[in-house]
Structures are given as C-alpha cells and as structure tokens.
C-alpha cells in the first residue's frame, strides 16, 4: 500500500495519518505480524514531521490496536481484546472504539424472580419479577463473552426494545435513564459445562468473570451485569495514575 495524505485537505494531518494507519493495519500482512514502517521513514514518505506520525500512532496504541516494542518496531496487537477501566463504556462502544466488529450469537429475554443478592442490590421491597437479558457475543470467528444482565423494574423496560442497539443508548434515549457510574469485580474461574458450551472451550478451562454494578447520576442501581470471557481472547488492562505529593 502506498502511503499518502492530502496536504491541501482541511482535515488535520495527524487525523489523516491516523485514518491511513487504520486502513493499513487491516491488510493481511500486518494482521499476521509484519511491523509497520518506522516513524522516520513514514514521515519522509508523507512529507510531514515525525511528531505528527507519532501522534497518530500513539492514538492507536492507546486504543489497543498497535503495540510498540522498544528497539524493534510497531505492530498490530494479537487477536486478544483489551479494555480499560477509566472512562468506561458499554461493550458495544468498547469494541467499536477498537475497530472490532461484533457478532451476536444469541439473545434471550425473560422475566425472573430475583434472588437475595438482586433484591438487596436493587433495594426491592418484594421479590417482583425483573427482566433478565442473556447475550452471547464475539467476533466473526467465535463467541468470546457471555453476558447476563438484570434490570431494575423502575427503568420500565418492556422486552420489546431493539436490543441490537447499544444497551446504554436504549436506556437513555427510550427510557431517560442515564448510566453514570460502574463498579466492577473481576475474578477467574474454571468453565463449567454450561459456560464451556457457550464459549466453545473445554470444560475446566480458565475464564474471566466480570461483575458490573451500574448506577444512574443519583447513585440508584439500574443494572446488575455478569460477564464471562474466554481467557484466550480477552485481556483486561487496568490503567491508574499515582498522585505525587
């Protein structure tokens, strides 16, 4: 692929380089591990500064699409999926930001009697039926995550919503409920027969479990979510910053 940008365009140079890189890394040779042209060579070919190239590359590195190896070069990350805790997004938004096309393998909705944990989390006065949504999702090759979500009756979900849309878009646009805060618990466990069948792995294989508690701006609970991820297809990255006195 010939590297080129339009110097007469009103689109900023770094944005053009970023888009060019997104196209470049979709080529088979780069998906298979070929290193990208180095920053100096790329800058010379494009007739721009090295800093502009680096700015674009940094963006894709931050998104988890590229990885740098000191003294070696920059290449496309492997097939594992990365996510960050800061500025949390819905699963659909997470994957869209990383350029991963998501396939829905299964989607089921039903009304269930909440157990003690759900009654306490939602602060329900009685065990009234609540909506449960189960979704098996992944890329075009295979499913890699199985979600179970429970929703507070206060939201007003009817089961008739179009759940192929992003979940938090549905809550906000259709029910005026804004997901503001997420608290999460992460653990590991061995796949039982049910999860092994869903995720297409052998029983007893390690999987990642993510429990997410979601609240609105008034700190009222709106969703209780369980996610089970294939360990060979998902990497959970935590980024934090230490306060220096």
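The values are calculated or read from the model by the stated rules, or taken from the named source; none is laboratory data. Source: prediction; values computed, not measured. Cβ atoms come from the backbone with ideal geometry, glycine included; neighbour counts cover every protein chain shown.
Here are the criteria: (1) touching a helix residue (DSSP H, G or I) at 6+ places or on another chain (Cβ under 9 Å); (2) assigned to a strand (DSSP E or B). Tell me which single one residue 201 does not satisfy.
(2)
Out of the residues in the stretch 159-180 that are in contact with a helix residue (DSSP H, G or I) (Cβ under 8 Å, 6 or more places away or on another chain) and without any contact (Cβ under 8 Å) to a residue 24 or more places away in the chain, which is surrounded by the fewest Cβ atoms within 10 Å (Cβ to Cβ)?
Looking at residues that are in contact with a helix residue (DSSP H, G or I) (Cβ under 8 Å, 6 or more places away or on another chain) and without any contact (Cβ under 8 Å) to a residue 24 or more places away in the chain, I get 162.
Taking the stretch 34-86 as the search range and keeping residues that are in a helix (DSSP H, G or I), touching a strand residue (DSSP E or B) at 6+ places or on another chain (Cβ under 7 Å) and crowded, with 16+ Cβ neighbours inside 10 Å, which one is modelled with the lowest pLDDT? Don't jump to the end; show me each part of the working.
Filtering the stretch 34-86 for residues in a helix (DSSP H, G or I) gives 39-46, 50-62.
Checking the rest, the ones that are also touching a strand residue (DSSP E or B) at 6+ places or on another chain (Cβ under 7 Å) come to 57, 60-61.
Subsequent filtering for residues that are crowded, with 16+ Cβ neighbours inside 10 Å retains 57, 60.
Values: 57: 87, 60: 81.
The residue in question is 60.
If you go through the stretch 96-115 one residue at a time, do you hit one that is buried (at least 17 other Cβ atoms within 10 Å of the Cβ), more than 26 Å from residue 197 (Cα to Cα) and either modelled with pLDDT of 80 or more or not assigned by TED's automatic domain parsing to the domain that holds residue 231 (or both)?
no
Check 148, 119, 130, 186 and return the single one that is in contact with a helix residue (DSSP H, G or I) (Cβ under 7 Å, 6 or more places away or on another chain) and surrounded by 12 or more Cβ atoms within 10 Å (Cβ to Cβ).
Numbers: 148 fails: in contact with a helix residue (DSSP H, G or I) (Cβ under 7 Å, 6 or more places away or on another chain); 119 fails: in contact with a helix residue (DSSP H, G or I) (Cβ under 7 Å, 6 or more places away or on another chain); 186 fails: in contact with a helix residue (DSSP H, G or I) (Cβ under 7 Å, 6 or more places away or on another chain).
130 is the lone residue from the list that is in contact with a helix residue (DSSP H, G or I) (Cβ under 7 Å, 6 or more places away or on another chain) and surrounded by 12 or more Cβ atoms within 10 Å (Cβ to Cβ).
Say whether the condition of being out of contact with any helix residue (DSSP H, G or I) (no Cβ under 7 Å at 6 or more places or on another chain), part of a strand (DSSP E or B), assigned by TED's automatic domain parsing to the domain that holds residue 91 and at negative phi is met by at least one residue in the stretch 151-158.
Yes - at least one qualifying residue is present in the stretch 151-158.
Just to be sure before I move on: is residue 131 in a loop (DSSP other than H, G, I, E, B) and at pLDDT 90 or above in the structure I sent? If you could, list the steps in order and put the result at the bottom.
Values: in a loop (DSSP other than H, G, I, E, B): no; at pLDDT 90 or above: yes.
For residue 131, the condition - in a loop (DSSP other than H, G, I, E, B) and at pLDDT 90 or above - is not met.
Quick one: which of 172, 184 is at pLDDT below 95, at negative phi and in a strand (DSSP E or B)?
Details: 172 fails: in a strand (DSSP E or B).
Step by step, each of 172, 184 is checked, and only 184 is at pLDDT below 95, at negative phi and in a strand (DSSP E or B).
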